[in-house]
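See structure below.
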Amino acid sequence: MPPTMDMLRFATAGSVDDGKSTLIGRLLFDSKSIFEDQLSAVEAASTAKGDDYVNLALLTDGLRAEREQGITIDVAYRYFATPRRKFIIADTPGHIQYTRNMVTGASTADLAIILVDARKGLVEQSRRHAFLATLLRVPHLVLAVNKMDLVDYSQEVYDEISDEFTRFADKLNVSDLTVIPLSALKGDNIVTRSANMPWYEGPSLLHHLEHVHVSSDRNLIDVRFPVQYVIRPQSSQYPDYRGYAGTVASGTLKAGDEIMVLPSGFTSTIAAVETADGPVAEAFPPMAVTVRLNDEIDISRGDMICRPQNAPKVAQNIDAMICWMADDALRPGRKLAIKHTSRSARAVVKDLEYRLDVNTLHRDPAATELNLNDIGRIRLRTTQPLLCDEYARNRETGGFILIDENTNRTVGAGMITSAD
Amino acid sequence: MSASEYRLTQLQTLEAESIHIIREVVAELERPVLLFSGGKDSIVMLRLAEKAFFPARIPFPVMHVDTGHNFQEVLDFRDRRVSELGVQLIVASVPEALDRGLVSEPPDGTRNRIQTPVLLDALEKYRFTAAFGGARRDEDKARAKERVFSFRDEFGQWDPKNQRPELWNTYNGRIQMGENIRVFPLSNWTELDIWQYVKHEQIALPSIYFAHRREVFDRGGMLYGVHEVCRPKAGEEVFTETVRYRTVGDASLTAAVRSDADTLEAIIDEVASTRITERGATRGDDKFSEAAMEDRKREGYF
């Protein structure tokens, strides 16, 4: 396995009934990523529970409560690799009471797989998952029409589901959709194209996962470098060294580039972009680097390096879609801590514009609060300006988290729609 | 560079993610410490910490929770590495905790579980607010569910059903007095990634990771090296075998595996083709129950 392969993060959404665990089990098994001792532990646990089949869900349901209740509660991360790619699966539970977990899993995903049962077709849950994946701007969507073996590998059944989903996806602004008929149980169209569905001319699921083009998903245009930490060795070897460490959110940086620092607005040029392994010719996302400038200007954590002609908004009035993740409701007037890139501030909820029904996409402007797992659009006023972009343009500088100042818990995820 | 050239390998991506996490902790939490056992994962983590702050020194101490059941090669390695980096080493000693009555020796003589009170005691004593651990999510199904920033209450406990949601690469490090965050920068690395990185970066490791001749005995299908804290019982025959260690932990609990892999290339080939998980092949401590790791983590284990 070459260390030069790249990486794909994908989220799977669906319930046990849709065959999600079987699908993941199949991908892990066929890529030889399930180990013998894991398999025998699962077999023993299945036997002990009286299951008459090897319940692959026990591989992913890692917590005692999950195994006892036979449900997935939380996001589980699984890993497998083929000679082409390393994969990270964020395995998320499907039910509506776990919307926040799906949102969490989707936040870092390059691709989302939405599973449907071919016998049942699209259900409320499938539409919700598709909506959440697009809300979080997962760039690639796969609709996996599973259990094709139970509908006699019928092209008509597949076409009907595919057409209906495509019509729905058009409303959601899905950038890349692939529909694949498969049987996770029988292995049809998982690793290789199935002989049972000669009418299907697309790729197998694994082939698609291995080849889907993700490097162009990144924003290489807008230079955004949130300063995470200032490195000042103050040692005899480096008495005057001052470097700004951070992770490139978007755009590219190289020595000689003219830059502007926000919120101060001071300008300078880049002296060097460095790592511990030496200078780099050009830094791009998601590299973690250290930037040195040609002028001594006051820069600290939370500031943002960008280009003079291409800057993010410097804004304290933030409109955002929110996924609320706490038991106590969010109402206008609530004060919260906000963390956005490397910047922390406080925020007050000025207005709840509407709550969204995640199943019907209906907007309810009369809503007065957002409850656990609700999604809605709010307006915030922050104590300090955020250096931000619209989430649709920039996932890194458009997303933020809300934190309860009393409990310190993360209570909301926000995606900026506009800012001024 | 054209757009298609702006690509990172999986190792570069993982390295960048880990460095981001380590910097974030130092920026947000006042007193971090890095848990360093001298095992390969904590060695890689320490290397990443070195890179994260270059050319400055690592701005936090390292701590070894020492069960007293050590492989000498690993202790020697630990001391050498710490002095190279010029970082402070704190040893939280289980034997010392036994002497002062903080913990008592379990009847079976294994010290895995009594490490937890010793760790918690040391975190409290030095008022550490964050502790970096080298755990990976591919190691265990409870770990597969754990956050990168994993909140611990004032008793050091993990509450798996009440974890903070973790989105994008935005981490919530807020705590109150007495609480702390366990941070796992290697969450998304697999055993194979670790080995490939060790090779790529030419990172030195303790010699026991490489194939060598050792006196061993078979206990429950696992090969244990004969050690002052791990002696054969009656009926357990001692023989010499070519083995290596896949994990390095408490010498009374960590088994060796039969292996001829005496180079990094050979180890990578072996890891890529093995059909048994790392902990399953080498750790007596995880076999007690299906939820052994979850239970220990709830109590405050690494």
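Within the range B:117-137, identify whether any single residue is among the hydrophobic types (A, V, I, L, M, F, W, C) and without any contact (Cβ under 8 Å) to a residue 60 or more places away in the chain, and answer yes or no. Yes: one or more hits. Per the conditions (1) buried (at least 16 other Cβ atoms within 10 Å of the Cβ); (2) modelled with pLDDT of 90 or more, the sole criterion not satisfied by residue B:76 is (1). Each residue in the range B:254-272 was checked for being of a type in the set (Asp, Glu) and either closer than 19 Å to residue A:82 by Cα or in a helix (DSSP H, G or I) (or both), and 3 pass. Out of (1) farther than 15 Å from residue A:182 by Cβ; (2) more than 13 Å from the chain's Cα centre (by Cα); (3) buried (at least 21 other Cβ atoms within 10 Å of the Cβ), the odd one out for residue A:123 is which? So the condition that residue A:123 fails would be (3).
Residue A:160: in a helix (DSSP H, G or I) and closer than 14 Å to residue A:117 by Cβ, yes or no? In short, yes.
Okay, residues lined up against (1) out of contact with any Ser or Thr (no Cβ under 8 Å at 6 or more places or on another chain); (2) assigned by TED's automatic domain parsing to the domain that holds residue B:116; (3) assigned to a loop (DSSP other than H, G, I, E, B):
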| site | (1), (2), (3) |
| --- | --- |
| B:174 | yes, yes, yes |
| B:232 | yes, no, yes |
| B:242 | no, no, no |
| B:249 | no, no, yes |
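If you scan the range A:167-199, which residues turn out to be over 22 Å from the mean Cα position of the chain (by Cα), farther than 15 Å from residue A:23 by Cβ and not aromatic (Phe, Trp, Tyr)? Residues satisfying the conditions are A:167, A:192, A:193, A:195, A:196, A:197, A:198. Might you let me know whether the range A:268-278 holds any residue that is exposed (fewer than 15 other Cβ atoms within 10 Å of the Cβ) and on the phi > 0 side of the Ramachandran plot? Checked against the condition, which is being exposed (fewer than 15 other Cβ atoms within 10 Å of the Cβ) and on the phi > 0 side of the Ramachandran plot, the range A:268-278 yields at least one hit.
Just to verify a result, which residue in the range B:151-172, among those that are out of contact with any Phe, Trp or Tyr (no Cβ under 9 Å at 6 or more places or on another chain), part of a loop (DSSP other than H, G, I, E, B) and charged (D, E, K, R), is surrounded by the fewest Cβ atoms within 10 Å (Cβ to Cβ)? So, considering only residues that are out of contact with any Phe, Trp or Tyr (no Cβ under 9 Å at 6 or more places or on another chain), part of a loop (DSSP other than H, G, I, E, B) and charged (D, E, K, R), the one surrounded by the fewest Cβ atoms within 10 Å (Cβ to Cβ) is B:154.
Remark: pairs (first residue in the range B:177-197, facing chain A (nearest Cβ under 10 Å); second residue among the basic types (Lys, Arg); Cβ separation under 6 Å; 6+ apart in sequence or on different chains) = B:187/B:137; B:189/B:136. Annotation: of all residues in the range A:210-245 being buried (at least 21 other Cβ atoms within 10 Å of the Cβ) and basic (Lys, Arg), the one that is nearest to the other protein chains (Cβ to nearest Cβ) is A:218.
Listed by first and then second residue, the pairs linking a residue in the range A:388-414 that is closer than 21 Å to residue A:373 by Cβ and more than 9 Å from chain B (Cβ to nearest Cβ) to a residue that is basic (Lys, Arg) and not in a strand (DSSP E or B), with Cβ atoms under 9 Å apart and 6 or more places separating them unless they lie on different chains, are A:391/A:137. For the range A:70-91, filtered to residues that are more than 8 Å from chain B (Cβ to nearest Cβ) and touching a Phe, Trp or Tyr at 6+ places or on another chain (Cβ under 7 Å), the residue that is nearest to residue A:358 (Cα to Cα) is A:90. Across the range B:86-104, the number of residues qualifying as surrounded by 16 or more Cβ atoms within 10 Å (Cβ to Cβ) and in a helix (DSSP H, G or I) comes to 3.
Taken together, B:41, B:108 contain a single residue that is more than 19 Å from the chain's Cα centre (by Cα) and among the acidic types (Asp, Glu), which is B:108. In the set A:137, A:167, only one residue is charged (D, E, K, R) and assigned to a loop (DSSP other than H, G, I, E, B); that residue is A:137. Consider the range A:227-275 and keep the residues that are charged (D, E, K, R) and out of contact with any Ser or Thr (no Cβ under 8 Å at 6 or more places or on another chain). The one that is farthest from residue A:294 (Cα to Cα) is A:232.
Residues of the range A:272-286 that are out of contact with any helix residue (DSSP H, G or I) (no Cβ under 8 Å at 6 or more places or on another chain), free of Cβ contacts under 8 Å to residues at least 60 places away in the same chain and within 7 Å of chain B (Cβ to nearest Cβ): A:282 alone. Of all residues in the range B:115-142, those satisfying the criterion of being assigned to a helix (DSSP H, G or I) and within 14 Å of chain A (Cβ to nearest Cβ) are B:137, B:138, B:139. Filtered by the rule that a residue be within 14 Å of chain B (Cβ to nearest Cβ) and within 26 Å of residue A:95 (Cα to Cα), the range A:334-372 gives a lone residue, A:372. All conditions but one from (1) in a loop (DSSP other than H, G, I, E, B); (2) closer than 30 Å to residue A:8 by Cβ apply to residue B:46; the one that does not is (1).
Of the residues making up the range B:224-248, those that are out of contact with any Pro (no Cβ under 7 Å at 6 or more places or on another chain) and more than 21 Å from residue B:38 (Cβ to Cβ) are B:231, B:232, B:233, B:234, B:235, B:236, B:237, B:239, B:240, B:241, B:242.
Filtering the range A:246-264 for residues that are within 8 Å of chain B (Cβ to nearest Cβ) and surrounded by fewer than 17 Cβ atoms within 10 Å (Cβ to Cβ) leaves an empty set. Candidates are the residues of the range B:248-279 that are within 14 Å of another protein chain (Cβ to nearest Cβ) and in contact with a Lys or Arg (Cβ under 7 Å, 6 or more places away or on another chain); the one that is farthest from residue B:141 (Cα to Cα) is B:264. Residues in the range A:322-335 that are among the hydrophobic types (A, V, I, L, M, F, W, C) and surrounded by fewer than 19 Cβ atoms within 10 Å (Cβ to Cβ): A:329 only.
Total residues in the range B:1-37 satisfying the condition of being in contact with a Leu (Cβ under 7 Å, 6 or more places away or on another chain), in contact (Cβ under 8 Å) with a residue 12 or more places away in the chain and outside any helix (DSSP H, G or I): the figure is 2.
The values are calculated or read from the model by the stated rules, or taken from the named source; none is laboratory data. Just so it is clear, the structure is predicted and the values come from calculations on it, not from any experiment. Backbone-built Cβ (ideal geometry, glycine too); neighbour counts: all protein chains shown.
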